[in-house]
Amino acid sequence: MEEGFEVAGHRLTLCPRPDEAENLGTGVHVWDSARDLARYLEQQRTTLRALRKRGRVLELGAGCGLAGIASATVGQPPAALVLTDLPGIVPLLTQNVSLNRDTLHPDTQVSIFAFDWRDLPPRPELSSVAPFDLILGADVVFRLDLVRPLIDSLDALSDAATEILVAFEIRCDVTYAAFLSVAGERFGVKRVYVRRGGSGFVHIYQLRKKRRGRVD
């Protein structure tokens with residue numbers, strides 16, 4: 001069943017598949033953190049440098065793709081929008097991009113790749129686009145064993161100029177603490193948003209790489 005979302009005056013259409021969650025996992029849902037991240041991008045479209053230029057945007061663990069697709073509609077259209085998730089989610093992502101193709105700028109090159117954070121270094125077609133100007137992740141902090149692979153992936157695909165936004169609900173205090181600890185080893189970590197959602201608080205953290213890299 002299709003579901004509509006209003007972002008920056010655009011109506012985005014997604015087709016979540018909650019009935020397939022048993023086989024495909026969490027990526028078939030549109031979680032509150034994805035909705036809040038899309039709203040945050042809309043609110044910050046004049047302050048986020050990556051949204052004020054035709055840069056390169058990546059969404060990790062994109063699921064239905066709401067945050068990534070929204071990012072391409074709220075500011076300057078990105079030169080490249082890359083959406084990634086596990087192989088079983090790629091057909092869903094492809095469908096959702098197709099549903100919103102008319103909303104996306106025709107000059108934005110959209111790519112969809114299967115990417116498991118545990119398989120590093122990233123595949124050449126992904127790493128060749130890096131470093132990205134903006135990296136998004138919605139509801140990607142939920143399993144303790146995936147915290148370090150997530151941070152390793154962010155590290156591999158970013159540089160000092162990359163703006164990283166990670167949105168999630170705290171479902172496990174241990175996983176949350178591990179995220180802050182591991183991310184803090186290589187990134188400056190700052191909470192920029194919090195809201196009480198239906199099942200808990202949605203947090204958005206901004207990460208900036210500590211070591212020197214590309215300068216705009």
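Modelled spin labels at Ser199 and Arg49, positioned 7 Å past Cα toward Cβ, are 3.6 nm from each other.
Relative to the 2.2 N^0.38 Å rule of thumb, the chain has a C-alpha radius of gyration ratio of 0.93.
The phi-based Karplus calculation (6.51 cos²θ - 1.76 cosθ + 1.60; θ = phi - 60°) puts the 3J(HN,Hα) values of segment 34-45 at 5, 4, 5, 5, 4, 5, 4, 4, 5, 5, 9, 5 Hz, whole numbers, x for Gly and Pro. For the chain, a simple Cβ point-charge model (Lys and Arg +1, Asp and Glu -1, everything else neutral) yields a dipole of about 1060 debye relative to the Cα centre.
Here the sum of -39500 (n - 2.57) over DSSP H runs of 4 or more residues, divided by the residues of the chain, equals -8000 deg cm²/dmol at 222 nm, to the nearest 500.
Of the chymotrypsin sites (Phe, Trp or Tyr not before Pro) found in segment 46-144, not one falls in a DSSP loop while having at most 14 other beta-carbon atoms within 10 Å.
In sequence order, segment 66-83 has phi-based couplings of 4, 4, x, 5, 4, 4, 7, 10, 8, x, 4, x, x, 5, 9, 10, 10, 10 Hz under the Karplus curve 6.51 cos²θ - 1.76 cosθ + 1.60, θ = phi - 60°, and Gly or Pro positions carry x.
Based on the alpha-carbon gyration tensor of segment 109-216 and its eigenvalue square roots a ≥ b ≥ c, which shape applies: rounded if a/c is under 1.5, prolate if not and a/b is larger than b/c, or oblate? Verdict is prolate for segment 109-216.
Each reported figure results from applying straightforward, stated rules to the coordinates on display, with no laboratory input. Not measured: the values here are computed from a predicted model. Don't worry about glycine lacking a Cβ; one is built from the backbone with ideal geometry, like all the others, and counts go over all protein chains shown.
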